[in-house]
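Here's the structure, in structure tokens; my notes come after.
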Amino acid sequence: MNIEPRTDWTLKQGVPIGPQLYRILRERIVSADLPPGSRISESEVARTYSLSRQPVREAFIKLAEDGLVEVRPQRGTLVRKISPDAVMDARFVREAIEADIVKLVAENVDEGLVRTLQDQIARQRALPDSEAEAFLALDERFHRTLADAAGKSYAWKVIEDVKLQMDRVRYLSALHFSKRELVIQHSAIADAIIRRDPEGAAQAMRTHLRKILTDLPTIAATRPDFFETAERGR
């Protein structure tokens with residue numbers, strides 16, 4: 001398949017190559033630019049990015065640890081299909097952490113954070129549905145802002161490590177559904193924080209993160225070729 005990268009997925013000079021390549025390939029898989037089930041090879045990636053095969057091999061190993069690719073010795077590497085079970089496990093972990101994060105934030109909110117959240121919600125609301133990728137970046141910033149405000153940067157690192165399969169579904173969801181409901185949910189979280197209502201903020205976050213429970217079956221039915229067959233229900 002053609003794996004030519006777009007401009008923002010090219011390597012930058014003066015920055016360590018290995019981490020860059022890993023990040024780029026991870027983003028391309030999450031966004032389905034490298035779709036589930038596609039075959040990629042060390043030699044082709046190395047040629048595309050004008051690299052030796054060593055950093056490519058190291059990136060593939062990390063992607064395999066993330067559950068994003070399956071390395072088959074002598075047979076090549078496949079982008080793994082999305083595991084519904086892994087998505088649900090990630091949602092469970094993320095909900096548990098982020099519900100507690102917003103409770104902490106609501107207990108000690110300051111005016112600077114209020115302005116930041118209001119500005120972020122306004123930016124989300126202003127984006128048209130066609131700009132799915134830009135909206136997902138704003139969504140990510142919103143959640144990270146809350147983790148930083150709670151002083152839980154390590155907790156956010158844990159979330160980042162477990163939510164990759166969830167992010168793959170979020171990307172497909174952004175392509176298939178209106179962002180209006182997500183903005184309303186973000187507003188509910190922000191409003192509860194501004195009211196200094198910890199329990200209300202936690203419940204709003206739980207409602208928001210459970211949206212994937214209804215989105216996932218619809219997306220899996222629309223793109224069954226992207227998904228593994230679920231082995232256990234939720």
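If the elastic network links every pair of Cα atoms under 10 Å, which of Ser83, Ser50, Ser178 fluctuates the most in the Gaussian network model of the chain?
Ser50
Any aspartates and glutamates with Cα under 20 Å of the Lys152 Cα? List them, leaving off those in the same chain fewer than 8 positions away.
Result set, ordered by chain and number: Glu95, Glu98, Asp100, Glu107, Asp110, Glu111, Asp139, Glu140, Glu160, Asp161, Asp197, Glu199.
Probe radius 1.4 Å, ligands and nucleic acids ignored: give me the carbon and sulfur share of the accessible area of the chain as a rounded percent.
Carbon plus sulfur share of accessible area: 51 percent.
Per residue, how much accessible area does the chain show when a 1.4 Å probe rolls over the protein heavy atoms, in square angstrom?
Accessible area per residue: 51 Å².
Which residue fluctuates most in the GNM of the chain (Cα springs below 10 Å): Ala192, Ala221, Ala59?
In the Gaussian network model the winner is Ala221.
What nm distance separates the two modelled labels at Arg206 and Val93, each placed 7 Å from Cα along Cα→Cβ?
Those two pseudo-labels are separated by 2.1 nm.
For the chain, set up a Gaussian network in which alpha carbons nearer than 10 Å are linked by springs, and say which option among Asp191, Asp89, Asp119 fluctuates the most.
Result: Asp119 has the largest fluctuation of those listed.
Scan region 1-95 for trypsin sites (Lys or Arg not before Pro) in coil per DSSP, keeping those whose Cβ has at most 14 other Cβ atoms within 10 Å, and list them by number.
Answer in residue order: Arg6, Lys12, Arg75.
Rounded to whole Å and sorted largest first, list the principal axis extents of the Cα atoms in the chain.
Each principal axis gives a Cα extent; for the chain these are 58, 45, 32 Å.
Which of Thr222, Trp156, Val45 sits closest to the plus end of the dipole of the chain, meaning its Cα is farthest towards the positive end, when Lys and Arg get +1 and Asp and Glu get -1 on the C-beta?
Looking along the dipole axis, the top candidate is Val45.
From the Cα trace of region 134-223, what convex hull volume per residue do you get, rounded to a whole Å³?
So the per-residue Cα hull volume is 95 Å³.
Give the Debye-formula value of log10 I(q)/I(0) at each listed q (0.25 Å⁻¹), with one equal scatterer per alpha carbon of region 22-64, two decimals each.
Log-scaled intensity ratios, in q order: -0.92.
Starting from the Cα of Lys62, draw a straight line to each of the lysines and keep only those under 22 Å, dropping any in the same chain fewer than 8 residues away.
Within the straight-line cut-off, Lys62 pairs with Lys12, Lys81, Lys157, Lys163.
Taking only the Cα atoms of region 74-119, how large is their convex hull per residue, in Å³?
About 147 Å³ per residue, rounded to a whole number.
Answer rounded, prolate or oblate for region 85-185, using the Cα gyration tensor with square roots of eigenvalues a ≥ b ≥ c: rounded when a/c is under 1.5, else prolate when a/b is larger than b/c, else oblate.
Here region 85-185 falls in the oblate category.
Roughly how many nanometres apart are two label points built 7 Å out from the Cα toward the Cβ at Arg39 and Lys12?
About 3.5 nm, to one decimal.
Any idea what angle helix 211-222 forms with the longest principal axis of the chain, computed on alpha-carbon atoms, 0 to 90 degrees, nearest 10?
30
Mind checking the full-extension length gain between Ala64 and Glu107? Use 0.36 nm per residue of separation minus the Cα-Cα distance, one decimal, nm.
Here the answer is 11.5 nm.
Which number do you get for Rg(Cα) / (2.2 N^0.38 Å) in region 17-92?
1.09
Tell me whether region 151-201 comes out rounded, prolate or oblate; compute the Cα gyration tensor, take square roots of the eigenvalues as a ≥ b ≥ c, and use a/c under 1.5 as the rounded threshold.
Oblate.
The values are calculated or read from the model by the stated rules, or taken from the named source; none is laboratory data. On a predicted model such as this, the values are computed, not experimentally measured, just so you know. With ideal geometry, Cβ positions are generated from the backbone for all residues, glycine too; neighbour counts draw on all protein chains shown. The accessibility values were calculated without ligands, DNA or RNA, using every heavy atom of the protein model including side chains. Shrake-Rupley method; radii C 1.70, N 1.55, O 1.52, S 1.80 Å.
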